[in-house]
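The values are calculated or read from the model by the stated rules, or taken from the named source; none is laboratory data. A quick note: this is a predicted structure, and the numbers were derived from the prediction, not measured. Glycine also receives a Cβ, built like all others from the backbone with ideal geometry; neighbour counts cover every protein chain displayed. Please note that ligands, DNA and RNA were not included when accessible areas were found on the heavy atoms of the full protein model with its side chains. Shrake-Rupley method; radii C 1.70, N 1.55, O 1.52, S 1.80 Å.
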Amino acid sequence: MRARVLITALSLIGAAVTATVTPAQEAMALPDGLALTPPMGFNNWNATGCAIDETLIRATADIFVSTGLREAGYEYVNIDDCWAEQERDPETGRYVPHRERFPSGIEALADYVHARGLKLGIYTSAGTLTCARTMPGSLDHEEVDAQTFADWGVDYLKYDNCNNEGRPALERYTKMRDALKKTGRPIVYSICEWGQNRPWEWGADVGHLWRTTGDINDSWTSMMSLLEQNAPLAPNAGPGHWNDPDMLEVGNGGMTDREYRSHFSLWATMAAPLLIGTDLRDATPETLEILGNREVIAVDQDPLGVQGRLLRKDNGRWVMVKPLQDGDIALTLFNSSETTATFGATAAELGLPNRTAYTVRDLWEHKTYENAGNFSAAVPAHGTVMYRVDAEDRGWWRHPPATEFALDLPAPFTGVPGTVTPAGRPFTANVTVVNRGRTPVLNGRVKLAPAAGWRVEPLGNTGKPLLRTGESLTAAFRVTPPATAPPDGYALDATLSYASLLHPRLNRTAGEDLAVPTPAPAGTSNLGDLAWAKAANGLGPVERNTSVGSAPTGDGRTLTINGRTYDKGLGTHAEASVLFYLAGKCSGLTVDVGIDDERDPRPDPTQGTAIFEIWADGTKVADSGLRTWQDDALTLSANLTGASFVRIVTNGSPDGFRWDRGDWAAPVLACA
C-alpha cells in the first residue's frame, strides 16, 4: 500500500521489532507449504488506487482466463485498500464491504473468482486505519478479521503498516500470522511493512513474502531504486519466503516498453512476486506480450527457488545469474545506462564445464543459438537481454551461431541521447555484428530501414562473407531526416541477414524509436509552455505550471517555494531531466529553483533536498548547490548562446530522493 499517503505513519519509522515469542507462537511459525514459488496475480492499487469495485475484479478474473494469463501462471486477483465501509458491523465487529463498490459482498466475489480456477486476495493494515484512511485497520482485531477473511473464501492477505501506533512490527505481524493459521484456511500472507525493520531477517517465520522497499511508482527512477535495494537480499529468499520489491508497473504508461521489459525481467530474475499493477481492460498487445512471456515467467517460478544474484555491476552494466532446478542457468544482462553497451559473462564465470560450445536460449527473442562460451550481448539503453544456458551438451551444433547485434546512435552531447534527431540534421548510425558461436557466420549483411522520406547512405562495407568465432562486422550509415520532418516519433530499424552451415536463411533485427524535436520559438517564452524533446521524472510525469503532485498526471498544485507562489514553470521530482531543442538560436535562461512546499512540513527534516543544474549541450552552465525545503527560491541564470539543446536537471542529494519535489519556477527562455 502507499506508504507515502500517510504522513503520520511515516513518523513511526524505526519502531522496534523486538517482541517476546511464546511456545504457542513458535508452533504457528512458517513455512507451511504455501507460496513455494513467488505468488503471481494482480493488484489494483498501482492502476486505480481507491477507485476499486467488484466490476474490475470480475473483469480481471475473466481477462486472466481469456488472454491465457491464468495458464501462464497468474493466480491471485487481489483487492487493495478502500474495499470496506468506514465502520465495522456494530454487532459482530466484522468488516462490512463497501455497499456501493462491492454490493454483492466479498464472499460472492470469491466464488466468482474461484469458479474460474483463480484465487482472491484482500488487503488491510496492521494499524488502526488503513493507509488511505477509508476503512479500519486490523490492529487488535486480528482474530475476527482473519476469520472473516477465511469465511469469505479469501486466499491471500496483503497486510500493510500504516497507523501502527508505534507498536513493534514483529508483534503486530506475528499476531496476524497466528490468527490466519487459527482459521485453518490456507491463506498466503504478504507482510507489507516497507522494509523498515529488516523483515528479510525475521519474515520467513512470519509470512510468505515481505516488502523490502517503500512503494513503487511508474517511473524509471523508482524502479531502479527498488532494484538497488532488493538485489543484495538474495540469500534471504527461497521457497515459501520471498523478498518483495513491490508490484509491477508494466503497462501503466510512465516507462517505455523496453523499460517495462527490463522491469519484468529483473523482477523475474530476483524471484520476486509478479503482481500485475495495470488495468488489464486497457492493456495493449505489447503489455500483454510482456506480462505473458512464459519463458521469463519460468525463470521467476523455477522450483529451486533461488533469487538471482548480482555477478557484477559496472557503469550501469548489470550481470545477474540465477541457477535453475534442472541445472540450467538464467543469465540477465541489464543496461541501466543511456547508451548501447556490449557486455556479458563467460562460461567459466557461470561455473560451466569447459565445452566446445553451449546451447543458449534468448528468452525475449524466443530463439535458440549455439555459443562458444562468451555469453554477451549488445544491450540497448535501459534494455535487458535474458539467456537460459543449457547445462547439458544437447546437440549445440544443431543451432545457428549466436551473434551480438547492435544498432548504436552515438550521443551528440552528454545527456542528449542519439535518438533525438532534429529535422534536416544528419547523424551517424553504427551497426555491429560479432559472431559468438563456434560455427561461422556466412554471408553476413546489414541494412538500415528509416522512416519514409529519410535518407540513408552507407559509409563503407555493409557485409562480410565469413565471420569466424569472435570476428566482427561494423557498418556505419549517415542518416538524414527531411528538413521538413514534423516533430514526431519515427522508427529506425536495422536488419542482419546471414547463414550458417546448417541454416541457409537467418536474420535478426534491432531498432530504435527516434524523436524529431520541436525547436524553441523566437522571442521570450515560459519553459513550462514549450514542447520538450525528452523528459524523465522520479515521481509521475513532469508537470506544466504546477507542482509535481504524486504519481497521477495533473494532480499538482500551485508552484510554491517556501511560501512564494508562481503561476508558471515546471514541477519535477528527483531524479528528473527535461531536454529542450534550441537549434542554436537562444541566448539565455533565467529561472527560480527550489523545493516545493507540497506536503510540508515533511516527516523527516533531512528529506526534501535537491540540486538544480542547467546544461547547454554537454556543458554545465548553472548549478544551485544543495537546496533544502527550508530555503527560499534561488535565481539561476544560464548563458545558452549557440547551444543546440538545454537540459534542466533535478538531482537527488546524498540523502536520497524521497520528497525531493523540485520546482523550476518562472523560467524565462530568450531566443532570437
Exactly one condition in (1) over 26 Å from Val296 (Cα atoms); (2) assigned to a helix (DSSP H, G or I); (3) open to solvent by less than 20 Å² (accessible area, probe 1.4 Å) is not met by Ile57; state its number.
-> (1)
Among the residues listed as Leu6, Leu56, the single one being modelled with pLDDT of 50 or more and of a type in the set (A, V, I, L, M, F, W, C) = Leu56
Selection count, region 432-450, where residues are outside any strand (DSSP E or B) and out of contact with any Pro (no Cβ under 6 Å at 6 or more places or on another chain) | 4
How many residues of region 102-127 are without any contact (Cβ under 8 Å) to a residue 60 or more places away in the chain, touching a Ser or Thr at 6+ places or on another chain (Cβ under 9 Å) and more than 18 Å from Pro39 (Cβ to Cβ)? The answer is 2
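Okay, residues lined up against (1) closer than 17 Å to Ser125 by Cα; (2) open to solvent by less than 10 Å² (accessible area, probe 1.4 Å); (3) basic (Lys, Arg):
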residue: Arg185; (1), (2), (3): no, no, yes
residue: Gly195; (1), (2), (3): yes, no, no
residue: Glu228; (1), (2), (3): no, no, no
residue: Glu249; (1), (2), (3): no, yes, no
residue: Arg258; (1), (2), (3): no, no, yes
residue: Arg261; (1), (2), (3): no, no, yes
Pick out, from region 99-206, the helices (runs of 4 or more DSSP H) lying fully within it that include 2 or more residues that are of a type in the set (Phe, Trp, Tyr).
-> 142-152
May I ask you to list the residues in region 424-450 that are surrounded by fewer than 19 Cβ atoms within 10 Å (Cβ to Cβ) and of a type in the set (Lys, Arg)?
-> Arg425, Arg445, Lys447
Got at least one residue in region 98-107 being in contact with a Lys or Arg (Cβ under 9 Å, 6 or more places away or on another chain) and either open to solvent by less than 10 Å² (accessible area, probe 1.4 Å) or of a type in the set (Asp, Glu) (or both)?
-> no
Of the conditions (1) crowded, with 24+ Cβ neighbours inside 10 Å; (2) touching a strand residue (DSSP E or B) at 6+ places or on another chain (Cβ under 9 Å); (3) more than 22 Å from Thr130 (Cα to Cα), Ser222 fails just one. Which one is it?
-> (2)
Scan region 249-269 for residues that are over 17 Å from Trp45 (Cα atoms) and under 8 Å from the mean Cα position of the chain (by Cα) and jot them down.
-> Met255, Glu259, Tyr260, Ser262, His263, Phe264
For Ala643, the lone unmet condition from (1) of a type in the set (A, V, I, L, M, F, W, C); (2) part of a strand (DSSP E or B); (3) modelled with pLDDT of 95 or more; (4) under 27 Å from Pro417 (Cβ atoms) is (2)
Evaluation of Asp178 against (1) free of Cβ contacts under 8 Å to residues at least 60 places away in the same chain; (2) open to solvent by 10 Å² or more (accessible area, probe 1.4 Å); (3) farther than 30 Å from His263 by Cα; (4) out of contact with any strand residue (DSSP E or B) (no Cβ under 9 Å at 6 or more places or on another chain) (one fails), failing number | (1)
Go over the candidates Ala551, Ala531, Ala510, Ala536 one by one and state the one that is in contact with a Gly (Cβ under 7 Å, 6 or more places away or on another chain) and in contact (Cβ under 8 Å) with a residue 24 or more places away in the chain.
-> Ala551
In region 451-501, which residues are open to solvent by less than 40 Å² (accessible area, probe 1.4 Å) and assigned to a loop (DSSP other than H, G, I, E, B)?
-> Ala451, Trp454, Thr462, Pro481, Pro482, Ala485, Ser500
Within region 344-351, is even one residue touching a residue at least 24 places away in the same chain (Cβ under 8 Å), surrounded by 21 or more Cβ atoms within 10 Å (Cβ to Cβ), under 15 Å from Gly308 (Cβ atoms) and among the charged types (D, E, K, R)?
-> no
Of all residues in region 197-218 being open to solvent by 20 Å² or more (accessible area, probe 1.4 Å) and small (Gly, Ala, Ser), which is nearest to Ala536 (Cα to Cα)?
-> Gly214
When you scan region 405-422, how many residues do you find that are surrounded by fewer than 19 Cβ atoms within 10 Å (Cβ to Cβ) and in contact with a strand residue (DSSP E or B) (Cβ under 7 Å, 6 or more places away or on another chain)?
-> 3
May I ask you to verify whether Thr332 is surrounded by fewer than 18 Cβ atoms within 10 Å (Cβ to Cβ), under 22 Å from the mean Cα position of the chain (by Cα) and among the hydroxyl-bearing types (Ser, Thr, Tyr)?
-> no
Members of region 264-278 that are of a type outside the set (A, V, I, L, M, F, W, C) and either more than 20 Å from Ser222 (Cα to Cα) or crowded, with 23+ Cβ neighbours inside 10 Å (or both) | Ser265, Thr269, Pro273, Thr278
In region 491-510, is there at least one residue being over 30 Å from Asn443 (Cβ atoms) and over 22 Å from the mean Cα position of the chain (by Cα)?
-> no
Scan region 190-203 and report the pairs whose first residue is within 19 Å of Asp178 (Cα to Cα) and whose second residue is open to solvent by less than 40 Å² (accessible area, probe 1.4 Å) and among the small types (Gly, Ala, Ser), with Cβ atoms within less than 6 Å and a gap of 6+ or a chain change.
-> Ile191/Gly203; Ile191/Gly207; Glu193/Ala169
Can you tell me which residue in region 363-404 is most open to solvent (accessible area, probe 1.4 Å), limited to those that are without any contact (Cβ under 8 Å) to a residue 40 or more places away in the chain and part of a strand (DSSP E or B)?
-> Lys367
Flag if Ala150 is over 15 Å from Gly93 (Cα atoms), among the aliphatic types (A, V, I, L, M), in contact (Cβ under 8 Å) with a residue 60 or more places away in the chain and touching a helix residue (DSSP H, G or I) at 6+ places or on another chain (Cβ under 9 Å) = no
Can you spot a residue in region 29-43 that is open to solvent by 40 Å² or more (accessible area, probe 1.4 Å), modelled with pLDDT under 95, over 23 Å from the mean Cα position of the chain (by Cα) and not small (Gly, Ala, Ser)?
-> yes
Screening Gly308, Gly238, Gly292 for residues that are modelled with pLDDT of 95 or more, out of contact with any Gly (no Cβ under 7 Å at 6 or more places or on another chain) and open to solvent by less than 30 Å² (accessible area, probe 1.4 Å) leaves only Gly308
